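Heads up, the thing below is written out as structure tokens.
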Amino acid sequence: VGSLRRMPDVILTEVDAATHVATLTLNKPDKFNAFDVELVDEWADALDRLAADKTVHAIVITGAGKAFCAGGELATLATESGPLAKKEFLRDHVHRVQRPLQRVPQPVIAMINGAAMGAGFDMALLCDLRIAANEAKIGEAYVNLGLVPGDGGAWLLTHLVGPARALELLLTGKVINGEKAAEWGLVNQSVPREELSETTYALAEKLAAGPQLAQRLIKRAVYTAESMPRDTHYDMVSSYMALAQSHDDFKGAIEAAQ
């Protein structure tokens with residue numbers, strides 16, 4: 001049974017010592033987990049702590065209540081501050097979540113239990129894997145407020161599903177459910193809400209029980225491939241292969257196969 005740690009109440013983390021799976025829960029259910037400065041700063045700090053925790057082999061991110069994350073809290077977005085302050089809010093706070101999500105060595109799964117809108121959906125896209133409830137409402141609602149995707153949505157969607165699908169979501173503000181998101185390739189899997197937790201944690205526990213070095217090198221190889229020439233990538237993965245073949249996980253797998 002894991003131990004619950006509050007840091008503070010807007011973010012909850014739980015680490016299951018038996019399975020090595022950590023759960024990070026956005027905890028503002030009364031506001032559908034929409035974020036302000038406090039929430040995103042605590043989110044980033046929690047990710048940094050989990051990344052450094054050697055007992056954590058996989059991370060699940062979800063939202064308390066009926067939503068995953070409704071994006072930025074409108075009261076925060078509408079504050080009467082100048083353009084520079086608005087830019088700094090994104091750069092110095094919201095984007096603080098994006099950076100550790102990319103650095104976290106463990107596999108990260110977004111468990112999309114409900115609405116994931118705008119920057120809330122972008123945060124889910126930054127996770128390595130996504131499992132959604134069939135009924136979850138998913139969309140890029142920026143255009144409905146006269147805004148542009150400020151948390152990487154245009155880049156993330158274009159790389160994931162191509163410019164046509166990206167523009168369909170971004171230009172229209174269209175909202176789709178989890179089933180359609182799975183059909184389009186925006187999430188890895190969509191399941192009935194009552195099966196969401198079981199399905200997500202079955203995957204998380206499988207990953208957590210797997211070879212940690214190999215998984216972390218695979219994750220790094222996939223993300224660096226986006227900005228690396230092919231020959232450079234081949235040179236890098238040859239080093240990764242040498243490291244993996246020298247590890248006890250590989251030696252144990254060979255012994256078990258004989």
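Miscellaneous remarks
- Note on the chain: GNM, Cα springs under 10 Å; of Pro100, Pro83, Pro163, the largest mean-square fluctuation is that of Pro83.
- The charge dipole of the chain, taken about the Cα centre with unit charges on the Cβ atoms of Lys, Arg (+1) and Asp, Glu (-1), comes to about 300 debye, rounded to the nearest 20.
- 10 Å Cβ shell holding at most 11 others, DSSP loop, GluC sites (Glu not before Pro): longest site-free stretch of the chain: 81-225
- Distance between the pseudo-spin-label points of Asp235 and Asn188 (7 Å out from Cα toward the beta carbon): 3.2 nm.
- When the residues Tyr234, Tyr142, Tyr223 are ordered by accessible surface, computed with a 1.4 Å probe over the protein chains alone, the sequence from largest down reads Tyr234, Tyr223, Tyr142.
- Of Leu47, Leu84, Leu126, the one that fluctuates the most in a GNM where the chain has Cα springs shorter than 10 Å: Leu84
- Prolate/oblate/rounded call for the range 124-213, Cα gyration tensor, a/c under 1.5 rounded: prolate
- Evaluated on the range 98-142, the Kirkwood hydrodynamic radius is 10.9 Å, with distances taken between all distinct Cα atoms.
- Extension gain, Ala164 back to His95 (0.36 nm per residue minus Cα-Cα distance, nm): 22.3 nm
- Built amide H within the under 5 Å cut-off of Val187, gap 5+: Ala182
- The simple spin-label model puts a point 7 Å past each Cα toward its Cβ; for Asp249 and Trp155 those points are separated by 2.7 nm.
- Accessible area expressed per residue, the chain, with surrounding protein chains retained (probe 1.4 Å, Å²): 50 Å²
- Sites Leu74 and Gln258 - FRET efficiency at Förster radius 45 Å, r taken between beta-carbons, to 0.05: 0.15
- Residue-span extension gain [Asp30 to Ile218] - 0.36 nm each, minus C-alpha spacing: 63.9 nm
- Heavy-atom accessible surface of the chain: percent carbon and sulfur, 1.4 Å: 58 percent
- Once the chain from Val148 to Lys174 is taken as fully extended at 0.36 nm per residue, the excess over their C-alpha distance is 7.9 nm.
- In the chain, taking the dipole from charged Cβ atoms about the Cα centre, the farthest positive-side position among Ile138, Phe121, Ala164 is held by Ala164.
- Under a 5 Å amide H cut-off, with hydrogens placed 1.01 Å from N, Cys69 pairs with Ala116, Met117 among residues at least 5 apart or on other chains.
- Averaging 1/r over each pair of different alpha-carbon atoms in the range 6-91 and inverting the result gives 13.9 Å, the Kirkwood hydrodynamic radius.
- The range 107-258: C-alpha pair distances exceeding 19 Å, %: 61 percent
- Stokes-Einstein D for the chain, Kirkwood Rh over Cα pairs, 20 °C, 1.002 mPa s (µm²/s): 112 µm²/s
The values are calculated or read from the model by the stated rules, or taken from the named source; none is laboratory data. On a predicted model such as this, the values are computed, not experimentally measured, just so you know. Glycine gets a Cβ as well: all are built from the backbone with ideal geometry, and neighbour counts include every protein chain shown. Ligands, DNA and RNA are excluded from the accessible area calculation, which covers all protein heavy atoms including side chains. Shrake-Rupley method; radii C 1.70, N 1.55, O 1.52, S 1.80 Å.
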